[in-house]
Amino acid sequence: MPVTRRFPADFLWGAATASYQIEGAVDEDGRGPSIWDTFSRTPGRTLGGDTGDVAADHYHRMSADVALMKDLGLQAYRFSVAWSRIQPTGSGPVNAAGLAFYSRLVDELIAAGIRPVATLYHWDLPQALEDEGGWASRETAVKFAEYARILAEGLGDRVWLWTTLNEPWCSAFLGYASGVHAPGVADDAAALAAVHHLNLGHGLAARAIREVLPEAKVSVTLNLHVTRAASDRPEDVEALRRIDTVANEVFLQPMLEGRYPERLAADTAGITDWSFVHDGDLEAIAVPLDVLGVNYYSTGRVRHRQVAAPVGDGSPGPDGHRSAEHSPWVGAADVEWLPQPGPHTAMGWNIDPQGLTDLLVGLRDRYPTLPLAVTENGAAFDDVPSEDGRVHDERRVAYVHDHLEAVGRALDAGVDVRGYFVWSLLDNFEWAYGYDRRFGIVRVDYDTLERTPKDSALWYREVLRAGGLVPVAEAARLG
Ligand code: FCB
């Protein structure tokens, strides 16, 4: 197989999923309801009324899925733990059957030679905690650390890398400001309180894991937004600064520098006074990280608003996120998102691999000693199975190829990127878009739940075998 670019020998190749998106079995073995059960069952919240009740049925097919991962040659698997399987109401005693599922998963991964990368929270908060205020309440951060301790004790050093949170931006702003994600709240002040309590939960959970497992490697995964200003006019540059503040800096600075951005209080003055930040919180949040996980899909462009704010129509917005009547961009009402040039994926997100290089290089420039990993990257396309039973998803192959090339350019520039996880192993429940948007490198037939590796999976296997990029054209030959 011709190799067009070699990656470092110890570069880690993986795939990612999340509990609510693949597991199904929502009422089994003592699992308690999560905010996504409630949200997805509320009419009008998800496309087609889809829920995660069955999803990809991974809960029942876990062993076969691990065998599939082994067959694809994955070296690492990034999964998330459903908190409400471990503690059905988010606090109190351990539900042994729930913990046993993840214990079996990590054992089977290790037996297959695959490193388990466990995310503690990928958006499925126990509903009982939401009923007490959810992430807008400080108590949730405290309970999150108790849950982290249970997992550290239960899974122990079998977990190769721990990730506290996945994309806290989405939890805070899509969950509590725009409300297009569970719990579906539209309250800007609650969203900013959620930001802080997610940050605090991250710090407290990381500390709890290390108390149990002093050698544990701990990370967090952020969806840092790569946004550019439409011009260098001062008002457009200021629009970009406001977005960067609430998109990226509200997480990066507390977690990595132990402070909140200087102008955050002024930007959000009419919304909250930040009195929920207590003495000592920032020290607790700024725990040392072994790796920073970066999820990357597309880029955005902003300018100072020149027309009245549009009312959302539910379609993907030019910011690459789900648009809604309420904006997720708290404190940035005078910022306008511009449509991005194509090509676009089925999410309406523009394809811009150079943004990933810029992001990785920019992070290295700011935090030179911090190792990075791409913990999600991939694309939804309307795959159509061919007569031959295969899925010739050449656009997904090209997307992954071009983004790996972008990671390669960052490596060339000396950036310490440790690994890459394609999103996603399986077609799955894409949140508010239900089963309509397929991100898998493996197709899931939602009638039979049968798995079929797409050409992208076969091509990815060759990349992993070669330890480097192989030409996109090889995919057609393999499929
Ligand atoms: C990310 C999420 C992941 C999936 C991808 C497409 O924001 O972490 O669960 O929905 O987007």
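The values are calculated or read from the model by the stated rules, or taken from the named source; none is laboratory data. For clarity, every value in this text was computed on a predicted model and none was experimentally measured. Glycine gets a Cβ as well: all are built from the backbone with ideal geometry, and neighbour counts include every protein chain shown. SASA here: full protein model, heavy atoms, side chains in, ligands and nucleic acids out. Shrake-Rupley method; radii C 1.70, N 1.55, O 1.52, S 1.80 Å.
The table that follows gives values for the structure above.
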item	result
Condition met for ALA373 (touching a strand residue (DSSP E or B) at 6+ places or on another chain (Cβ under 9 Å) and either more than 30 Å from GLY49 (Cβ to Cβ) or of a type in the set (Val, Ile, Thr) (or both))	yes
Residue among ALA152, ALA206, ALA172, ALA141 that is within 16 Å of the ligand (Cβ to nearest atom) and either open to solvent by less than 10 Å² (accessible area, probe 1.4 Å) or of a type in the set (Ser, Thr, Tyr) (or both)	ALA172
Complete set of residues in region 442-459 that are more than 16 Å from the ligand (Cβ to nearest atom) and of a type in the set (Ser, Thr, Tyr)	TYR446, THR448, THR452
Residue identified as in contact (Cβ under 8 Å) with a residue 40 or more places away in the chain and within 21 Å of the chain's Cα centre (by Cα) among ALA229, ALA208, ALA239, ALA286	ALA286
Region 1-21, subset touching a strand residue (DSSP E or B) at 6+ places or on another chain (Cβ under 6 Å) and within 12 Å of the ligand (Cβ to nearest atom), residue nearest to ASP53 (Cα to Cα)	SER19
Where GLU336 falls short, out of the listed (1) in a loop (DSSP other than H, G, I, E, B); (2) open to solvent by 20 Å² or more (accessible area, probe 1.4 Å); (3) in contact (Cβ under 8 Å) with a residue 40 or more places away in the chain	(1)
Cross-chain or 6+ apart pairs with Cβ under 7 Å, region 254-265 first and acidic (Asp, Glu), then open to solvent by less than 60 Å² (accessible area, probe 1.4 Å)	GLU257/ALA286
Residues of region 121-154 satisfying the condition of being in contact with a Lys or Arg (Cβ under 8 Å, 6 or more places away or on another chain) and farther than 23 Å from GLN21 by Cα	ALA145
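Residue-wise test of (1) without any contact (Cβ under 8 Å) to a residue 24 or more places away in the chain; (2) among the hydroxyl-bearing types (Ser, Thr, Tyr); (3) surrounded by fewer than 19 Cβ atoms within 10 Å (Cβ to Cβ); (4) more than 16 Å from the ligand (Cβ to nearest atom).
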site	(1), (2), (3), (4)
LEU356	no, no, no, no
ASP365	yes, no, yes, yes
ALA398	no, no, yes, yes
LEU411	no, no, yes, yes
GLY414	no, no, yes, yes
TRP423	no, no, no, no
GLY440	yes, no, no, no
